[in-house]
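Below: one structure, written as structure tokens.
Throughout, read-outs are computed from the coordinates displayed, never taken from laboratory work. Source: prediction; values computed, not measured. Glycine also receives a Cβ, built like all others from the backbone with ideal geometry; neighbour counts cover every protein chain displayed.
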Amino acid sequence: MIKFTLIEIEAIKGKQKFFKLFKNEKCDFDTFEKDVRINFNSEMNKIYALMDRVANLESLPQSMFKDITPFKDKTKEYEIKTHHLRVYLIQEAKTGKIIVTGGYKNSQKIDINHFRELKRQYLNNNGNL
């Protein structure tokens with residue numbers, strides 16, 4: 001049985017909360033962040049700065065923060081972008097934005113498919129579909 005847990009990201013300060021999604025006590029975003037800090041530390045810092053801006057309800061250009069929700073999908077999906085990195089999130093009505101996973105510009109298609117599968121599992125397990 002799959003168990004999902006949400007943990008608030010304390011580093012993000014604002015009106016809107018951000019959460020990391022844990023699946024069976026493992027967090028894809030934590031793994032992604034650990035991997036990218038070696039070569040893309042400044043870009044990861046920029047991702048956090050962008051999340052702060054979104055949390056404070058600032059409007060950002062689509063080149064940094066983009067709605068990628070498929071047509072007729074009820075749960076909003078977003079992508080936060082830097083030059084090399086992508087972070088994929090959903091917006092859940094009850095809790096705010098939830099970070100599902102991260103990825104690279106050169107593997108977007110695979111990363112988005114993985115993101116959507118995690119999203120589907122999470123929503124199915126939490127009765128939100």
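Things worth noting here:
- Cβ crowding within 10 Å ranks ILE112, ILE80, ILE7 as ILE7, ILE112, ILE80, fewest other Cβ atoms first.
- Net charge of Cβ neighbours under 12 Å - reference GLU58; Lys, Arg +1; Asp, Glu -1: +1
- By other beta-carbon atoms within 10 Å, ranking ARG120, ARG86, ARG53 with the fewest at the front produces ARG120, ARG53, ARG86.
- Sorted largest first, extent of the chain alpha carbons per principal axis (Å): 37, 30, 29
- Unit charges on C-beta of K, R, D, E only; dipole of the stretch 4-125, Debye: 280
- Karplus 3J(HN,Hα) series, Hz, for the stretch 93-105 with 6.51 cos²θ - 1.76 cosθ + 1.60 (x for Gly, Pro): 4, 6, 10, x, 8, 10, 7, 9, 6, x, x, 10, 4
- LYS94/SER63 FRET efficiency (R0 30 Å; Cβ-Cβ; nearest 0.05): 0.50
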